[in-house]
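Written below as structure tokens is the structure these notes are about.
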Amino acid sequence: MSRLYGMQIAIKGHNLDKADEIHEAVNCIWPGDDWHDSRRWNAEDTDPEIGGYAENNLCGGESEEDFAIRVTEAVWKVNGGFCKVTINATYLEQLPYETYEADEDDYKRFLENQKE
């Protein structure tokens, strides 16, 4: 059974020369086009962040924690050492929501306001 998630991944303290390889490793696990490198906005950033957001499915019974461990270990392997990997997982299939539905009284008020 698959479950739809939005995963936001942020990586700091990584080897700057490995940023593209880290992106490739993450993209192999959780493909997405929304990837950023904070050095694009500030070339002199002393603590740059790379990361992104993508929506996809966790499959095969993999938990959010299992996924986070898998991504983090892939990043560490490519990076050649520790760096901070933060993953925010949002389960998209049962988000809280509000329902708004107009009734006939609302329509009557609408018509009255149109006359004015």
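In this structure, is Gly61 at positive phi and either basic (Lys, Arg) or surrounded by 11 or more Cβ atoms within 10 Å (Cβ to Cβ) (or both)?
Against the criterion (at positive phi and either basic (Lys, Arg) or surrounded by 11 or more Cβ atoms within 10 Å (Cβ to Cβ) (or both)), Gly61 does not qualify.
Looking at Ala10, Ala25 in this structure, which one is modelled with pLDDT of 95 or more, surrounded by 13 or more Cβ atoms within 10 Å (Cβ to Cβ) and either under 15 Å from the mean Cα position of the chain (by Cα) or part of a loop (DSSP other than H, G, I, E, B) (or both)?
Only one candidate passes the filter, namely Ala10.
Among the numbered criteria (1) at pLDDT below 95; (2) of a type outside the set (S, T, N, Q); (3) out of contact with any Asp or Glu (no Cβ under 7 Å at 6 or more places or on another chain); (4) more than 25 Å from Gln94 (Cβ to Cβ), which single criterion is violated by Arg39?
Failed condition: (3).
Take Asp34 and tell me if it is exposed (fewer than 14 other Cβ atoms within 10 Å of the Cβ), of a type in the set (Asp, Glu) and more than 20 Å from Phe67 (Cβ to Cβ).
For Asp34, the condition - exposed (fewer than 14 other Cβ atoms within 10 Å of the Cβ), of a type in the set (Asp, Glu) and more than 20 Å from Phe67 (Cβ to Cβ) - is not met.
Quick one: which residue in Thr99, Thr86 is within 30 Å of Ser2 (Cα to Cα), modelled with pLDDT of 95 or more and of a type in the set (S, T, N, Q)?
Unique residue meeting the criteria: Thr86.
Tell me which residues, restricted to region 36-54, are farther than 14 Å from Ile87 by Cβ and in a strand (DSSP E or B).
His36, Asp37
The values are calculated or read from the model by the stated rules, or taken from the named source; none is laboratory data. Since we're looking at a predicted model, the values are computed, not measured. So basically every Cβ, Gly included, is an ideal-geometry build from the backbone, and we count neighbours across all protein chains shown.
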